[in-house]
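Reading through the structure tokens given below for one structure.
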Amino acid sequence: METFFRSQFEGGDPTLSGGCPNPVDRQERLPEYVIDLRGRMRHLSRRMKKESTPASTRRTFVKTAAASAFGFQFVPSHVWGANSRVHFGAIGSGGKGKADIGGSVKAGMTCAALVDIVDAEKFSQAGASGSAKSRLKSITEAREKFPDAKFYTDYREMISDMGDKIDAVTISTPDHHHFHAALQAMRAGKHVYCQKPLTHSIWEARILTQVARETGVKTQMGNQAHANSHMRRVVELVQAGILGKVSEVHAWTNRPIWPQGFSSAPEKEEVPLGLDWEQWIGPAEWVDYSPRIAPFAWRGWWNFGTGALGDMACHIMDMPYWALDLGSPTSLKAKQEGNSDLSAPINSTIEYDFADKGIKLHWYDGQIGAKFDAENWRLIPGEFNRPNEKILEGADYRKYGSVIIGERGKLFFDRFKDTWMVKPSSSLDGMEFPEPSIPRARDNDNYKEWLDAIDGKVERGQSDFDYAGPFSETVLLGCLAQRTAGKKIEWDAEQMKVKNHPELDALIRREYRDGWEVEV
């Protein structure tokens, strides 16, 4: 038996309609919320609707900073004409950079500059082997696709040299470069789209949040599902009280799928011709080149990445963090396997305590029983680390990424799907579905939302640094807990201090190599 609730997307009370719609006209009659009753389980789905945005006759522009390196000298930005396109410089063009460039161009922007550590004019396919050869070679493809874009290997030079020839940047580098690239770009008056996590350290996230506010540039973090209308609708429903008072959140991933758990560095290898390893290391502590570090396996290195937590939590924790307005935890504690001074752990379980909200968030990553194979520099798989059956209650953990637990029931969610599950069915009895309150992104696209913010068509991207900065701080606190497993971290968010372990200050704000120091 199926029962349907019907409501208009723009609001209004749902009306109950018994029976199943005729399959022929189901598309026209599909209700905004579908409640599928099988026992005490309900699935809700919503139709996607495009929303119009007001026309803009000119772009908003920002008078901000342009400086050598990372200073605070200010120069005016240029003013766009009514029909001119936003020109951007792409910092990182391989891997995720390819997607960020493509998404920005598809949104309506023009790629005017490319930055990467592989120079296509010098690169030799004989200079690398295996996966490194194919990955490094893919970086050169952007230069072929955008022959008019000026190429650089140092983004500091690009931002300074291009001046008002670019209006924005995309940042698709390893985590340890996010802060320096975004800081200089914003101080030069450039709008910024930066991959997740926003930064490598907690202090960096705090500074980028502040500078974004000071400069007024339009920003967006690359947790793409944040732009999905189905996520925004779930956030509205949770905030409207669909679950009552919430006490717990559980979120999980099977990553890492790359090497983690190593305790010594791989042997030094020859740097491939055309690869600027000095620039790749950038502000981080020096490590000799190895294809077991770059171009892909850097995520597992504390020196360059933030492990599976940094990679995936900005996606999977996003909905509950947003819906519950969690802010900063008061304390947290982790248990893990495989962490070392060099590497993030093979698996971990972290409990975040948001005491002021009365909510605990439990994070699970990796695979239980997985082992690091040093000879082949890979992980041998284990069993998916996940909540226990008492939490899941028969729900397939492979189909969801998180569950919110409230006094009225549980909501299971996955960012890829426009369906979610609430159980028991009585959770929805008497529920008055709220009108939408969160602006919807054009075509559910966070690149388009970023561009619309630049154009003045919307006030802001919903994952701008005002949101993404504090969110990244919370995620990165989990990395701090992983590196000090077994210790309870008592967090003073205002002072950015671990109250009971002052020796951890060095992990909150890292030191940079000579030539990469910043003024704040």
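Taken together, the values in this text are just the output of simple stated rules run on the coordinates, not laboratory data. Since the structure is predicted, the reported quantities are computational estimates derived from the model, not experimental observations. With ideal geometry, Cβ positions are generated from the backbone for all residues, glycine too; neighbour counts draw on all protein chains shown.
Data table
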read-out: Unsatisfied cross-links (Cα-Cα over 31 Å) in the set 96/399; 335/399; 268/399; 360/499; value: 268/399
read-out: Cα-Cα over 30 Å, subset of 218/488; 106/417; 390/488; value: 218/488
read-out: Reduced Cα scattering model of the range 364-475, Debye log10 I(q)/I(0), q = 0.10, 0.12, 0.13 Å⁻¹; value: -0.54, -0.74, -0.83
read-out: Inter-centroid distance (Cα atoms) of the range 86-109 relative to the range 444-492, Å; value: 20
read-out: Gain in span if fully extended, residue 416 to residue 263, counting 0.36 nm per residue against the direct Cα distance; value: 51.6 nm
read-out: Mean Cβ neighbour count within 10 Å, used as a protection proxy, ranking 510-517, 353-360 highest first; value: 353-360, 510-517
read-out: Taking the range 164-229 and dividing mean pair separation by its residue count, relative contact order in percent (alpha carbons under 8 Å, at least six apart); value: 33
read-out: When the convex hull of its Cα atoms is projected in every direction, mean area for the range 436-509 (nm²); value: 7.2
read-out: Mean Cβ neighbour count within 10 Å, used as a protection proxy, ranking 376-387, 473-484 highest first; value: 473-484, 376-387
read-out: Amide N proximity, the range 340-377 versus residue 495 label position 7 Å along Cα-to-Cβ, cut-off under 20 Å; value: 353-356
